[in-house]
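Asker: Have a look at this one before I ask anything.
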Amino acid sequence: VVVVAVIIASIIAKLSIAVIPAGYVGVQYNMNGGVEGKPLTQGWNFKSPKVHVTNYTVSIEQSYLTSNDKGDSPSDESFSASSKEGKAMQVELAFSYQYDAKTVNKVFTEFRGQSGTEVRDYFIKPNMVSWSKEVLARYAVADILGDKRAEVNTALTEYVANKFDKYYIKISNVSLSNVTVDEETQKAINNKI
C-alpha cells in the first residue's frame, strides 16, 4: 500500500511541476477553460496536473534562410526574387525574432496551440520570404548588390517588422547575407563599378 501511494504521489508531483528553461515562458492550456492567465516564468512552477504547458522562447532568436546547413536552416531555404528591373536573384538572409512574454498567450491562441518552433517554421519563414520579395522588387539589382545594401536591409526590417507586429511577433533585424545573380548580370555590374 505504501509503495502504491508513493508511486501515485510521485506521478501527481511530476504532473504538477513544470520546469521552464532560462529564456522561455510556459503557456498554460487547460482543456476545461482554455489558455490560463499569465504564462509561467523560468524555473520550477507548480500547476494543476490537468494543465498542459507549451514553452515559447522570449529571448532574441536568430533564424536563417540559407542554401547551406546553418543554424535552423538544415537544407536549402534560399529563395528566388526579382529586382525592380525584373532581374532574377537567389537570396539568402538572416533575421532576429522574439515572442513577447506579455502577449505570448495571444500567439498560442492565434496559431492554435503550435509551439514557438512550429510558428517559426510554418509561419514566420514562409512569410519572411514573400514579404522580402515585395521589398526587393522596389530596388534595382545594382543597389541590392552595391552601395544601397544597408538601405535595403533597413527597409526589409521595417517592412516585415510592421507585418509581423499584428501577429505579436517582434522582428528586430533582417539582413541579406548573400545575393547571387546570373553571370551576365554580375559581369555588367562589375563593369559598371
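The values are calculated or read from the model by the stated rules, or taken from the named source; none is laboratory data. Model, not experiment: these values are computed from the prediction. Positions of Cβ are backbone-derived with ideal geometry, glycine not excepted, and every protein chain shown enters the neighbour counts. Keep in mind that these areas ignore ligands, DNA and RNA; they rest on the heavy atoms of the full protein, side chains included. Shrake-Rupley method; radii C 1.70, N 1.55, O 1.52, S 1.80 Å.
Asker: So Asn178 clears everything in (1) buried (at least 19 other Cβ atoms within 10 Å of the Cβ); (2) closer than 14 Å to Ala81 by Cα except one condition, right? Which one?
Answerer: Going through the list (1) buried (at least 19 other Cβ atoms within 10 Å of the Cβ); (2) closer than 14 Å to Ala81 by Cα, Asn178 breaks only (1).
Asker: Would you call Ala101 surrounded by fewer than 12 Cβ atoms within 10 Å (Cβ to Cβ), under 24 Å from the mean Cα position of the chain (by Cα), in a loop (DSSP other than H, G, I, E, B) and not polar (S, T, N, Q)? Explain how you work it out, then say what you get.
Answerer: Working: surrounded by fewer than 12 Cβ atoms within 10 Å (Cβ to Cβ): no; under 24 Å from the mean Cα position of the chain (by Cα): yes; in a loop (DSSP other than H, G, I, E, B): yes; not polar (S, T, N, Q): yes.
Judged against the criteria, Ala101 is not a match.
Asker: Restricting attention to the range 71-98, and to residues there that are farther than 30 Å from Ile17 by Cα and of a type in the set (D, E, K, R), which single residue is least open to solvent (accessible area, probe 1.4 Å)?
Answerer: The initial filter retains those residues of the range 71-98 that are farther than 30 Å from Ile17 by Cα, namely 71, 73-96.
Among the residues that remain, those that are also of a type in the set (D, E, K, R) are: 76-77, 84-85, 87, 92.
Numbers: Asp76: 98, Glu77: 51, Lys84: 143, Glu85: 101, Lys87: 79, Glu92: 27 Å².
Result: Glu92.
Asker: On to the next question. Which condition from (1) at pLDDT below 90; (2) assigned to a loop (DSSP other than H, G, I, E, B) is the one that Lys84 breaks?
Answerer: All conditions pass for Lys84, except number (1).
Asker: Ok, one more. Inspect all residues belonging to the range 4-19 and state whether any of them is surrounded by 13 or more Cβ atoms within 10 Å (Cβ to Cβ) and out of contact with any strand residue (DSSP E or B) (no Cβ under 8 Å at 6 or more places or on another chain).
Answerer: yes
Asker: Can you tell me how many residues in the range 54-70 are surrounded by fewer than 18 Cβ atoms within 10 Å (Cβ to Cβ), in contact (Cβ under 8 Å) with a residue 12 or more places away in the chain and not polar (S, T, N, Q)?
Answerer: Counting residues in the range 54-70 that are surrounded by fewer than 18 Cβ atoms within 10 Å (Cβ to Cβ), in contact (Cβ under 8 Å) with a residue 12 or more places away in the chain and not polar (S, T, N, Q) gives 1.
Asker: Against the definition (open to solvent by less than 60 Å² (accessible area, probe 1.4 Å), over 30 Å from Ala188 (Cβ atoms) and in a strand (DSSP E or B)), how does Tyr29 come out, yes or no? First the steps, then the outcome.
Answerer: On the way: open to solvent by less than 60 Å² (accessible area, probe 1.4 Å): no; over 30 Å from Ala188 (Cβ atoms): yes; in a strand (DSSP E or B): yes.
Considered against the rule, which asks whether it is open to solvent by less than 60 Å² (accessible area, probe 1.4 Å), over 30 Å from Ala188 (Cβ atoms) and in a strand (DSSP E or B), Tyr29 comes out as no.
Asker: So, of the residues in the range 73-93 that are without any contact (Cβ under 8 Å) to a residue 12 or more places away in the chain and touching a strand residue (DSSP E or B) at 6+ places or on another chain (Cβ under 9 Å), which turns out to be farthest from Val152 (Cα to Cα)? Before the answer, list the steps.
Answerer: Step one: list which residues in the range 73-93 are without any contact (Cβ under 8 Å) to a residue 12 or more places away in the chain, which gives 73-76, 80, 86.
Right, trim to touching a strand residue (DSSP E or B) at 6+ places or on another chain (Cβ under 9 Å) and you get 73, 80.
Working: Ser73: 22, Ser80: 16 Å.
Filtering first and then ranking leaves Ser73.
Asker: Return a yes/no flag: does the range 130-148 have any residue that is of a type in the set (A, V, I, L, M), assigned to a helix (DSSP H, G or I), open to solvent by 50 Å² or more (accessible area, probe 1.4 Å) and at negative phi.
Answerer: Step one: of the range 130-148, the residues of a type in the set (A, V, I, L, M) are 135-137, 140-142, 144-145.
From what is left, the residues that are assigned to a helix (DSSP H, G or I) are 135-136, 141-142, 144-145.
Filter once more, so that each one left must be open to solvent by 50 Å² or more (accessible area, probe 1.4 Å): none.
Within the range 130-148, none of the residues are of a type in the set (A, V, I, L, M), assigned to a helix (DSSP H, G or I), open to solvent by 50 Å² or more (accessible area, probe 1.4 Å) and at negative phi.
Asker: A follow-up question, please. Tell me the residue from Ser59, Ser67 that is in a loop (DSSP other than H, G, I, E, B) and closer than 29 Å to Tyr139 by Cα, please. Can you show your working first?
Answerer: Details: Ser59 fails: closer than 29 Å to Tyr139 by Cα.
Every option except Ser67 fails the conditions.
Asker: Follow-up. Exactly one of these conditions fails for Val3: (1) more than 21 Å from Val107 (Cα to Cα); (2) at pLDDT below 85. Give me its number.
Answerer: (2)
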